[in-house]
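What follows is a short report on a single structure.
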Amino acid sequence: MSTPSYEWEALHECEGECEYAGARAAAPSLRGAALAAARAALNSLGEGESEGAGELNPVRKVYPDAALEHLAHAAMSAESEAEAGEAFLPLIPLVASRLLPVAARVLPRVLPRVMTAVTRVAPQLTRGVTRIAGRLYRDPRTRVLLRALPSIARRTVGTLARQAAHGAPITPQAAVRTLARQAVGVLGSRPGLAAVVRRSRALDAAYHRAVAPALGVATGGVQRRFCRCCGR
């Protein structure tokens with residue numbers, strides 16, 4: 001399938017931003033991973049609708065920030081590219097559920113407009129996220145970068161929410177372009193990426209500490225495998 005012109009334009013914009021973000025100082029493999037992630041997101045345009053946003057278990061509802069980062073852990077533990085992508089199906093809905101209440105407190109009058117805009121492009125964003133996940137999972141050297149996807153999603157949804165609040169039209173193409181640019185911005189800067197990965201690991205560890213008592217401990221002092229996603 002040929003790539004529409006606006007996708008190539010967005011990719012060139014991403015390449016420029018990657019250079020500007022300090023990727024010149026980063027290893028070539030890191031810059032390559034950033035641009036590959038952007039391409040994966042842009043190539044998702046025009047695909048079929050996402051089949052669903054995944055089921056959210058009760059623990060994820062209670063610990064949403066940590067649950068976001070645990071999706072990355074589940075993706076890293078996947079057995080295939082497709083499974084890695086599926087691990088992130090709940091990501092955009094979870095991010096929206098966290099950010100939109102903040103928008104409601106700050107700008108209550110525009111909340112319906114923001115919610116409508118984000119909800120309308122959620123399927124395209126989810127496809128873009130799953131394509132990025134598959135691309136990063138493919139190479140064992142870039143698999144750890146899956147830890148950055150929750151931050152990329154947060155920044156993408158936050159940017160789109162601000163644009164919608166100011167009356168800017170949010171099209172699926174514009175939303176995926178924003179996702180691609182945020183992927184380059186996060187993955188293309190080594191210091192920023194290191195901080196994102198550290199934060200993800202810390203929150204994922206908190207998730208595991210939280211789900212242990214929530215799912216129970218076996219009798220006799222032997223702890224069960226308590227994580228339904230990866231068995232930790």
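The values are calculated or read from the model by the stated rules, or taken from the named source; none is laboratory data. The shown structure was predicted, so the numbers you read here are calculated from the model rather than taken from an experiment. Using ideal geometry, Cβ is built from the backbone for each residue, glycine included, and neighbour counts are taken over all protein chains shown.
Only one residue in Ala53, Ala87 is within 19 Å of Leu146 (Cβ to Cβ), modelled with pLDDT of 90 or more and of a type in the set (A, V, I, L, M, F, W, C). Which one? Please lay out each step first, then the result.
Working: Ala53 fails: modelled with pLDDT of 90 or more.
Going through Ala53, Ala87 in turn, just one is within 19 Å of Leu146 (Cβ to Cβ), modelled with pLDDT of 90 or more and of a type in the set (A, V, I, L, M, F, W, C): Ala87.
Does the stretch 119-146 hold any residues that are crowded, with 24+ Cβ neighbours inside 10 Å, farther than 14 Å from Ala36 by Cβ and of a type outside the set (A, V, I, L, M), and which are they?
Gln124, Thr126, Arg127, Thr130
Is there any pair with a first residue in the stretch 141-157 that is touching a residue at least 60 places away in the same chain (Cβ under 8 Å) and a second that is in a loop (DSSP other than H, G, I, E, B) whose Cβ atoms are under 8 Å apart and which are 6 or more apart or on different chains, and what are they?
What qualifies is Leu149/Phe88.
Kindly check whether there is at least one residue in the stretch 157-177 that is buried (at least 17 other Cβ atoms within 10 Å of the Cβ) and farther than 28 Å from Val110 by Cα.
no
Scan Ala84, Ala153 and give me the residue that is part of a helix (DSSP H, G or I), in contact with a Gly (Cβ under 7 Å, 6 or more places away or on another chain) and crowded, with 24+ Cβ neighbours inside 10 Å. First the steps, then the outcome.
Values: Ala153 fails: in contact with a Gly (Cβ under 7 Å, 6 or more places away or on another chain).
Going through Ala84, Ala153 in turn, the sole match is Ala84.
Scanning for something over 21 Å from Arg113 (Cβ atoms) and out of contact with any Gly (no Cβ under 8 Å at 6 or more places or on another chain), does the stretch 169-181 turn up at least one residue? First the steps, then the outcome.
Of the residues in the stretch 169-181, the ones over 21 Å from Arg113 (Cβ atoms) are 180-181.
Now restrict to residues that are out of contact with any Gly (no Cβ under 8 Å at 6 or more places or on another chain): 181.
So far as the stretch 169-181 goes, yes, one or more of its residues are over 21 Å from Arg113 (Cβ atoms) and out of contact with any Gly (no Cβ under 8 Å at 6 or more places or on another chain).
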